[in-house]
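Quick notes on the structure that follows.
The values are calculated or read from the model by the stated rules, or taken from the named source; none is laboratory data. Just so it is clear, the structure is predicted and the values come from calculations on it, not from any experiment. Don't worry about glycine lacking a Cβ; one is built from the backbone with ideal geometry, like all the others, and counts go over all protein chains shown. Keep in mind that these areas ignore ligands, DNA and RNA; they rest on the heavy atoms of the full protein, side chains included. Shrake-Rupley method; radii C 1.70, N 1.55, O 1.52, S 1.80 Å.
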Amino acid sequence: MQKNIMSLRGRTVLYSVLILFAIMQVYPIIWVILQSIKTTEELTSLAAFSLPSSLYMGHFKKALEVSTIPRSFLNSTIVAVITLTLEVVLCCPFAFAVRKLRWKGGEKVFNFVLLGMMIPVFCCLIPMFKVFNTIGLRNTYWSLILPQVGFSIPIVTFMYRSFMDYVPNSVLESAYIDGATTFQTFIKIVVPMVRNATITVLTYRFIYAWNEFTYANTFLTDRAMRTLPITLKDFTGEFGLVEWGPTFAAIVMAVMPTLILYFILSKNVIEGIALGAVKS
């Protein structure tokens, strides 16, 4: 009986902490969405979490009119898609080669690559700016893609390497016995088996690539090349004055792709994280 009471108390404390944590995470999102569908008068007169009298979409219309959000959506999408594709294409086979092919010096090369995680991004901004300016890459998609791919290789390779432990060596050996080449084994066996790892990497890295601000603010001056985080600055007027209705609407439009992607892939992401955290 005493054990059951303690167990009940423990669960109550655990659930209370989890609920509190969930509220802290969801609170800003709900608050911004509510503000974006209120009229200007309701923004100043109603409480923050009060419901609007009607679904007002005028702020979204104005946000699209006064900024380059559609173009910025396209720019962010292009940068994110190319960045994620390169990260997967480069890091997945590298992790496979290091962990499964066991070539001489592989672990040393992997450890050297991991040193990239120790390099602060801001130390490289000025050199990259000078290089991109010299070779004509400023105000191009590549000025955003190349730094993101370069600095992500260590962490993405590390994530893939952890998942490679769950690809049975016996399966790979059977494929070799049946006459499959290393490339065929990788494409037809390894890639499908690390599907959850790929989804986890894509979701994690998409959020970063979609919200990336530092490189875009440093290497882009052409208004037509701006990504969404830079375009959101347009809603700050002279002397820091802000028209909050369109600003909230722009924020909602900017964060919706990441939220939708996570809700669609959340099951695979959770499975991937759980699998990668377990040691065999």
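Before moving on, here are some points about what is shown:
- Across the chain, the relative contact order, built from alpha-carbon pairs under 8 Å that are at least six residues apart, equals 28 percent.
- Cβ charges +1 (Lys, Arg) and -1 (Asp, Glu), total dipole of segment 71-217, debye: 200 debye
- Accessible surface of the chain [probe 1.4 Å, protein heavy atoms]: carbon and sulfur percent: 70 percent
- The chain, helix-only ellipticity at 222 nm - DSSP H runs n ≥ 4, -39,500 (n - 2.57), divided by all residues, nearest 500: -23000 deg cm²/dmol
- Surface analysis of segment 1-77 yields an accessible area of 72 Å² per residue, using protein heavy atoms and a 1.4 Å probe.
- C-alpha long axis of helix 195-211 to longest principal axis of the chain, angle in °: 40 degrees
- Selection from Pro52, Ala63, Pro120 lying farthest towards where the dipole of the chain points positive, charges on Cβ: Pro120
- Compared with the dominant principal axis of the Cα atoms in the chain, helix 2-36 is inclined by about 60°.
- Around the Cα centre of the chain, unit charges on the Cβ atoms of Lys, Arg, Asp and Glu (plus for the first two, minus for the last two) sum to a dipole of about 740 debye.
- Per-residue packing, averaged as other Cβ atoms within 10 Å, sorts the ranges 196-209, 14-27 into the order 196-209, 14-27, beginning with the highest.
- Greater than 23 Å apart at Cα, pairs in Lys100/Lys188; Lys61/Lys233; Lys38/Lys62: none
- Shape of segment 73-120, Cα gyration tensor, a/c cut at 1.5: oblate
- Extension gain (nm, one decimal) between Leu125 and Lys233, 0.36 nm per residue minus Cα-Cα: 36.8 nm
- Peptides 149-156, 219-226, 255-262 ranked from most to least packed give 149-156, 219-226, 255-262, packing being the mean of other C-beta atoms within 10 angstrom over each peptide's residues.
- Point-charge dipole on Cβ atoms (K/R +1, D/E -1) for segment 1-156, about Cα centre, debye to 20: 680 debye
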